[in-house]
Every structure is written in C-alpha cells, then in structure tokens.
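A quick write-up on the structure given underneath.
The values are calculated or read from the model by the stated rules, or taken from the named source; none is laboratory data. Model, not experiment: these values are computed from the prediction. Cβ: placed from backbone, ideal geometry, glycine included. Neighbour counts: every protein chain shown. Ligands, DNA and RNA are excluded from the accessible area calculation, which covers all protein heavy atoms including side chains. Shrake-Rupley method; radii C 1.70, N 1.55, O 1.52, S 1.80 Å.
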Amino acid sequence: AGDAELLRSRVAVPPARAGEVQRLLGSDYSAAANWRHLRAHGEQDVKARPRDPYAWWGLAKATLRLGNAALASDYFERAVNLGVPTMYYLYRQEAFEAWTQAGRHSRTLSVTQRALQAFPRSKELQYFRTLAGRAVGESGG
C-alpha cells in the first residue's frame, strides 16, 4: 500500500511506466473512481468525526468533483460553520466553486469579504468576490 499511497499524491510518471502505475492504483487510476473512493472515505470520516470541519471539507470537495454542486455546497457550509480557518480560503477555493455553481452567490460574497480583510491582495479571493458580485447584480440575489 505504501507505493500506491505515494502515487496517489499526484507524482509525475513517465508514459512508459503508466501501466505499472495503473496496476498499483487499481480502480483509483481513473479520476472519477478516485473521487468516488475519496467520497466514500469522506462519508466515513464525517460519521466518525461529525464536528471536524476538515472531514466535511474533504467530503464536500469529492462531492463537487463528482458533479453535485448543490450537495457539495451544503457540506462546505457545514465545514465553514464548524470553523475552517480563514487562511484555508487562500489555497482552497472549492467552496467558492460549489457556491457559484449552485447559485449561492451571497455566501461567496460574505466569506470572500471576511477573507479579504485578512488577505486583501489575494487574486483568487478577489476573482470569486467579483464573480459573485456580478451574479448578484445581474440576478438581484
């Protein structure tokens, strides 16, 4: 399992060794299968640690990558309410992606506003704030 765990962490592999990597990863070689695997682990994690914001974030990210932005939005909301640190938004914008796709622009606005107070020069936070602001302005909410 040690080799497979190392390869799961997005290591560049020469094309000539792709077959070996596929054998080591098994069904996780497929991105969709990998996200399904991570979602299953995330579901177990939130059952075991329902007050852990990082467990909810992981489940939310896998759910988003599998195409269910509305449910992912709910899971991200849970993670935020449980207390992910503001710095998290600098490097992990998945919640903003989910809220944008689900039409929850006011949530993106409130969280980016708070995060921009701490990190006013973040281009990513500015981007999602602008995107949400335009959506709210165009749709009225």
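What accessible area per residue, rounded to a whole number of Å², is obtained for the stretch 55-102 using a probe radius of 1.4 Å? List each step's numbers first, then the result.
Numbers: 1910 Å² over 48 residues.
Value returned for the stretch 55-102: 40 Å² of accessible area per residue.
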Measure nothing but the geometry: give the 0 to 90° angle between the long axis through the Cα atoms of 31-48 and the longest principal axis through the Cα atoms of the chain, rounded to 10°. 70 degrees
C-alpha long axis of helix 69-82 to longest principal axis of the chain, angle in °: 80 degrees
Rounded to the nearest 500 deg cm²/dmol, what is the calculated helix-only ellipticity per residue at 222 nm for the chain, with -39500 (n - 2.57) per DSSP H run of length n ≥ 4? -22500 deg cm²/dmol
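Given Cβ point charges of +1 (Lys, Arg) and -1 (Asp, Glu) and nothing else, what value in debye, to the nearest 20, does the dipole of the chain about its Cα centre take? Don't jump to the answer; show the numbers that get you there.
Working: 20 positive and 13 negative charges, 54 e Å.
The dipole of the chain has a size of about 260 debye.
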Reference-scaled alpha-carbon Rg (2.2 N^0.38 Å with N residues) for the stretch 7-141: 1.20
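What is the magnitude of the charge dipole of the stretch 70-141 about its Cα centre, with +1 placed on the Cβ of each Lys and Arg, -1 on the Cβ of each Asp and Glu, and no other charges, expressed in debye to the nearest 20? The partial results should precede the final answer.
Working: 9 positive and 6 negative charges, 47 e Å.
Computed charge dipole of the stretch 70-141: roughly 220 debye.
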Evaluate the relative contact order of the chain (contact order divided by residue number), counting alpha-carbon pairs under 8 angstrom at least 6 apart; express in whole percent. 15 percent
What percent does the relative contact order of the stretch 17-69 come to when contacts are Cα pairs within less than 8 Å and at least six residues apart? 31 percent
Choose one of His37, Ala55, Ala102: the residue whose Cα lies farthest towards the positive end of the charge dipole of the chain (beta-carbon charges +1 Lys, Arg; -1 Asp, Glu; about the Cα centre). Ala102
Within 10 Å, count the other beta carbons around each residue, average over each peptide in 127-137, 13-23, 54-64, 96-106, and list them highest first. 54-64, 96-106, 127-137, 13-23
Working from Cα positions, state the angle (0 to 90°, nearest 10) between the long axis of helix 105-118 and the longest principal axis of the chain. 90 degrees
Rounded to a whole %, the carbon-and-sulfur portion of the accessible area of the stretch 21-141 at a 1.4 Å probe is 49 percent
Using a 10 angstrom cutoff on alpha carbons, build the Gaussian network for the chain and name the most mobile of Asn81, Asn34, Asn68. Asn81
